[in-house]
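Below is one structure, written out as C-alpha cells; the observations come after it.
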Amino acid sequence: VHLRRGRFSDKLAPLTEAEFEEFRSALYKVNWVAHQTRPEASGVVSILASRLKHPTVHDVSCLNKLISHLRSTASQPLVLHRFDTSRMTLIAASDAGGVDGKPPSGNISEDTVQGAWVVLAADRVPSACQKTKVSILSWRSAKLKRRVTSTLASEALSFSQALGELEWIQILIRDILHGDVNTVDWTRSLMPFVGVLKEDSELRAAMYKGPILEQCTVTDAKSLFDSLKKENPSSRQDRRTSIELAIIIQSMRRSNSILRWSPHPRMIADVLTKDDISKSNGALEELFRTGTLALWDEEDELARRKSNPSSKGRSKKASEAFRSAGETLLAECQINRSLGELS
C-alpha cells in the first residue's frame, strides 16, 4: 500500500479515502492467503480487519510488513507429512495477547485481547532429545468473545477454544476412518469408559474398536499451566475463569490429554496474536521451514531461565537466540544418547 512521502511519520493519522480503498483491497487479498496456506498471517489479518472502521497509518505499516514477508517466503509450502493414522498424535498450542496493552491505533475503546491456536499432527508427542515431524492441520486467530481482566482469563479462553478444535478434529478423523461416532453423545466416541475401565481391559477393546489418537496441549502461560496441572480451578478474583478452568480440566481428563508448558520463545501461536509480524518470536516461521517441533521438560526450561536471565527476553532476536541455544543442547543430547546406545 503506497503512501506519499512523510505519511509514515505520524502512525496515528487516519487514512484518506483513496488510501483506505487500497488498504482494504490489499487486506482482502492477504486474508485469502492467510486462510489457505499461511497461518502466520492470520493474526495480522484478523487484527487489522477489526480496525477497518478507523484504519490508521500504523495499520498500513503492519500490512506492508506482512506483504513483504509473504513475498520473500512465497516458495514456502505447507508440508503435510504422512503419518500412521492408528498412532498419530494431535497437538494444540494456544496463546493470547494484548490484555494489558494499549491499542496502537489510539482507539481506547478497541478490544485488544486476541486469542489464537494452532493444531498439529505428529507421529508421537514431541520431546527434548529428538525433534518430531509435525504437520499443521488447523489454525485460527480472533478477538476473544468475552472481555477479560487478567492474563489467566484470556489464556484460559484461548486454551478452551483450542481444546474444542482438538476434540472436533479427533471426532472428524474417527468418523472418517471408523464411522462409529455416536452422534447423540459424541463424547463417548472420544474416550468412552476412561474413568471406569483400565487401558488394557478386554471389555474396553471390545466396546471400542480401533485406537484412540493421543492428544497434547501446549500453553506458555505458567499460571494456567499450574492451575491445570494441580487440577485446581479456584480463582477468587474471577469466578467465570474458575468455571472455564473446571470445564478444561474435565475435558482433558475425559480425553486423557497431555499438558505441556512452553516458554515464550518456543510458543508457535505467538505470531497469531500480533498486529506486527516483525514483533513475533519467529517460532511458527521456524516450524514452517523445518517441519519439526521439540518440547523441553518444564523443569529444564525453568532451570535455564533461572541460570540465564537474558532468556526471558520477548523480542524476536532474543527468542531466536534462545532457540539457537536449545538447538546446540539438542545436538549434544542426540550425540550422547547415541553413544549411550552403543555402549
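The values are calculated or read from the model by the stated rules, or taken from the named source; none is laboratory data. Since we're looking at a predicted model, the values are computed, not measured. All Cβ positions, glycine included, derive from the backbone under ideal geometry; neighbour counts span all protein chains shown. Calculation scope for accessible area: heavy atoms of the full protein, side chains included, ligands and nucleic acids excluded. Shrake-Rupley method; radii C 1.70, N 1.55, O 1.52, S 1.80 Å.
With respect to the stated conditions, Ile243 fails to be surrounded by fewer than 16 Cβ atoms within 10 Å (Cβ to Cβ) and touching a helix residue (DSSP H, G or I) at 6+ places or on another chain (Cβ under 8 Å). Has the range 191-214 got at least one residue that is touching a strand residue (DSSP E or B) at 6+ places or on another chain (Cβ under 6 Å), modelled with pLDDT under 85 and either assigned to a loop (DSSP other than H, G, I, E, B) or open to solvent by less than 10 Å² (accessible area, probe 1.4 Å) (or both)? Looking through the range 191-214, at least one residue is touching a strand residue (DSSP E or B) at 6+ places or on another chain (Cβ under 6 Å), modelled with pLDDT under 85 and either assigned to a loop (DSSP other than H, G, I, E, B) or open to solvent by less than 10 Å² (accessible area, probe 1.4 Å) (or both). Among the residues making up the range 47-63, a single one is among the basic types (Lys, Arg) and either open to solvent by less than 60 Å² (accessible area, probe 1.4 Å) or within 29 Å of Ser135 (Cβ to Cβ) (or both): Arg51.
Scanning the range 65-112 for residues that are at pLDDT below 85, within 20 Å of Lys145 (Cβ to Cβ) and either touching a Gly at 6+ places or on another chain (Cβ under 9 Å) or surrounded by fewer than 16 Cβ atoms within 10 Å (Cβ to Cβ) (or both) yields Asp100, Gly101, Asn107, Ser109, Asp111, Thr112. Residues in the range 113-163 that are modelled with pLDDT under 90, within 26 Å of Gly98 (Cβ to Cβ) and open to solvent by 30 Å² or more (accessible area, probe 1.4 Å): Lys145, Arg146, Arg147, Thr149, Ser150, Thr151, Leu152. Does any residue of the range 252-269 turn out to be assigned to a helix (DSSP H, G or I), among the charged types (D, E, K, R), modelled with pLDDT of 80 or more and farther than 30 Å from Asp84 by Cα? No, the conditions are met nowhere in the range 252-269. Scanning the range 26-37 for residues that are open to solvent by less than 80 Å² (accessible area, probe 1.4 Å) and of a type in the set (S, T, N, Q) yields Asn31, Thr37. I'd like to know if the range 39-46 contains one or more residues that are open to solvent by 20 Å² or more (accessible area, probe 1.4 Å) and either assigned to a helix (DSSP H, G or I) or of a type outside the set (A, V, I, L, M, F, W, C) (or both). Checked the range 39-46: at least one residue is open to solvent by 20 Å² or more (accessible area, probe 1.4 Å) and either assigned to a helix (DSSP H, G or I) or of a type outside the set (A, V, I, L, M, F, W, C) (or both). On inspection, Leu295 does not qualify as in contact (Cβ under 8 Å) with a residue 24 or more places away in the chain, buried (at least 19 other Cβ atoms within 10 Å of the Cβ) and either more than 15 Å from the chain's Cα centre (by Cα) or not in a loop (DSSP other than H, G, I, E, B) (or both). For the range 1-50, filtered to residues that are among the basic types (Lys, Arg) and in contact (Cβ under 8 Å) with a residue 24 or more places away in the chain, the residue that is farthest from Ser94 (Cα to Cα) is Arg7. If we scan the range 302-309, do we find a residue that is of a type in the set (Gly, Ala, Ser) and touching a residue at least 24 places away in the same chain (Cβ under 8 Å)? Checked the range 302-309: no residue is of a type in the set (Gly, Ala, Ser) and touching a residue at least 24 places away in the same chain (Cβ under 8 Å). Residues to consider are Phe8, Phe23; find the one that is assigned to a helix (DSSP H, G or I), surrounded by fewer than 17 Cβ atoms within 10 Å (Cβ to Cβ) and of a type outside the set (D, E, K, R). That would be Phe8, the only listed residue that is assigned to a helix (DSSP H, G or I), surrounded by fewer than 17 Cβ atoms within 10 Å (Cβ to Cβ) and of a type outside the set (D, E, K, R). Being out of contact with any strand residue (DSSP E or B) (no Cβ under 7 Å at 6 or more places or on another chain), among the acidic types (Asp, Glu) and buried (at least 20 other Cβ atoms within 10 Å of the Cβ) is the filter here, so list the residues in the range 249-284 that pass it. Asp275, the sole residue that qualifies.
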